[in-house]
Amino acid sequence: MSIIDDGKKYLMNTYNRIPVVFEKGDGVYLYDENGKEYLDFVGGIAVNSLGYNDEGLKEIIAKQAEKLMHVSNLYYTRPNVELSKKLVEKSDLDRAFFCNSGAEATEGAMKLARMYADKFRNKETKIIAMNNSFHGRTFGAVTATGQLKYQKHLGPILPDVVHIDFNDFDVLKKEALDNCCGIMIEPIQGEGGIRPADKKYLKKVRELCDELDIVLIFDEVQCGMGRTGNMFAYEYFDVVPDVLCMAKGIAGGLPMGAILAREEKARAFEPGNHASTFGGNAICSAAAGYVIDKVESLLENVREQGEYLKGQLEKLKEKYDLILDVRGVGLMLGMEFDRPVSDIISGAFDDGLLLLNSGTNIIRFVPPLIIEKDDIDKCIEILEKHIKNLK
Ligand SMILES: Cc1ncc(COP(=O)(O)O)c(C=O)c1O
């Protein structure tokens, strides 16, 4: 039996996997078991910010593994405390909580909002989230996710979570005035089609949350950690949330999630209120500490290559009517078509280029942040070939 046959037999049937077995990676390239090379514009779904085989990352993981991997949160470890200090010093937030994934981060943020209202306000319970959003697959996170397909067969889901249209301030204000404890927003919707928030809208939401003492949560799981060309996506929008959710790229491929919060809101969590056995374990923390410094040194590259890639995509849009829109920030870009993009993605795959959809009609570009101009040129060449094939 091949690995693929065994995978089909033994793994739960939750993913539509492409039949390829990857064996190793280097820089922005992946290699399958037959040695075929793939240029990677997926980056493990916006995770592998440093690409593959980063020497420094491998070294820090090996060193930490030799010393200590895990001791639980009953105690302190140096890599974990140093990581919390680094995140706080680099951001405008005051305290960190660590977990293992994006869903755990958004779930924790929702709990924080409810607990804050329960302890310090009038026990408001409503959480406002956006249509088209994606916040993860745990019960709370999937309830906040504003796409019904993810909630199918699951009911009843968490009560008091409402969805409204993204970027519509009047509707948001109306909902916020009634029993609301928290508002959760992706500054750039990822799974929802690479849709950035309107800067003015976010500023108004910030003011409203200040006025009503509502916890403003930004889910930067996909758009954070350098992807916009800023360390945190909120810096691009110039609006600081009360609570920031991170995961994906934070530890360069090791599982880690984090919640940062302003002191005033962080106080809602006291010993016993929230926990995660593996959260912030020494090895993931050491990796994240390294990744954050490295990502900081790549921010200029993200801005530069992001602009170049966007420019090249826009040129394609001018040439081909079936491309409706090019949008996004930094190295989080989307290209919307008037038809499904599955044929483009599978054709590109055959030619050694990994691309990712977002919904049926949008190709999303979330490559490693180390990407260079030549890689982009190669991507555009293959992409154009398969756009032409569609016509
Ligand atoms: C914005 C956002 N939030 C949360 C999640 C969930 O993250 P995870 O799959 O690590 O639980 C994702 C995953 O795609 C995401 O894009």
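The numbers here are math on the coordinates, done by the rules we state, and not lab data. If you're wondering where the values come from, they're calculated on a predicted model, not measured in any experiment. Methodologically, a virtual Cβ is constructed for each residue, glycine included, from the backbone with ideal geometry; neighbour enumeration extends over all protein chains shown.
Straight-line reach from Lys378: which aspartates and glutamates fall under 15 Å, measuring Cα to Cα and dropping same-chain residues less than 8 apart?
Partners found: Glu37, Asp40, Asp350, Asp351.
Subtract the Cα-Cα distance of Leu11 and Lys319 from 0.36 nm times their separation in residues, and report this length gain in nm to one decimal.
Numbers: separation 308, 0.36 × 308 = 110.88 nm, distance 4.31 nm.
Once the chain is fully extended between Leu11 and Lys319, it gains 106.6 nm.
Please work out the C-alpha center-to-center distance from the range 242-275 to the range 1-27 and express it in whole Å.
Rounded to whole Å, the Cα centres lie 32 Å apart.
Which of the residue pairs Lys36/Lys294; Lys152/Lys248; Lys174/Lys203; Lys111/Lys265; Lys317/Lys388; Lys123/Lys173 have a Cα-Cα distance greater than 21 Å in the structure shown?
Result: Lys36/Lys294; Lys152/Lys248 exceed 21 Å.
So who's got an amide H within less than 5 Å of the one on Gln189, skipping anything under 5 residues away but keeping other chains? H placed 1.01 Å off N, in plane.
The answer is Arg195, Ala197.
Take every DSSP beta bridge with both residues inside the chain and express the antiparallel ones as a percent of the total, to the nearest 5.
Antiparallel: roughly 65 percent of the beta bridges in the chain.
Skipping prolines and chain starts, which residues have an amide H placed within reach, meaning under 5 Å, of the one on Ala258, given they are 5 or more residues away or on another chain?
Result for Ala258 returns Cys99, Met246, Ala247.
What angle do you read, to the nearest 10 degrees and between 0 and 90, between the alpha-carbon axis of helix 78-90 and the longest principal axis of the chain?
90
Cα convex hull of the chain: mean projected area in nm², to one decimal?
19.8
Would you mind putting 81-90, 146-155 in packing order, based on average other-beta-carbon counts within 10 Å, highest first?
On the way: 81-90: 16.2, 146-155: 11.3.
Ranking, from highest mean packing down: 81-90, 146-155.
Arranged from highest to lowest average of other beta-carbon atoms within 10 Å per residue, in what order do the peptides 317-328, 91-102 appear?
The packing order, highest mean first, is 91-102, 317-328.
What spacing in nm lies between the two simple spin-label points modelled at Glu82 and Lys200, each 7 Å away from Cα in the Cβ direction?
Here the modelled spin labels are 4.6 nm apart.
Could you derive backbone 3J(HN,Hα) for the range 376-382 from the dihedral phi with the Karplus parameters 6.51, -1.76 and 1.60 (θ = phi - 60°), listing whole Hz in sequence and x where the residue is Gly or Pro?
Karplus values, whole Hz, x for Gly and Pro: 5, 4, 5, 4, 5, 4, 5.
When Lys and Arg each count +1 and Asp and Glu each count -1, what net charge do the other residues less than 13 Å away from Gly102, Cβ to Cβ, add up to? It would help to have the intermediate numbers written out before the result.
Numbers: positive: Arg137, Lys248; negative: Glu104, Glu107, Glu186, Glu191, Asp219, Glu220.
Overall, the nearby charge balance is -4.
Report, to the nearest 10°, how far helix 55-67 tilts away from the longest principal axis of the Cα atoms in the chain, using its own Cα long axis and a range of 0 to 90°.
Computed tilt is about 50 degrees.
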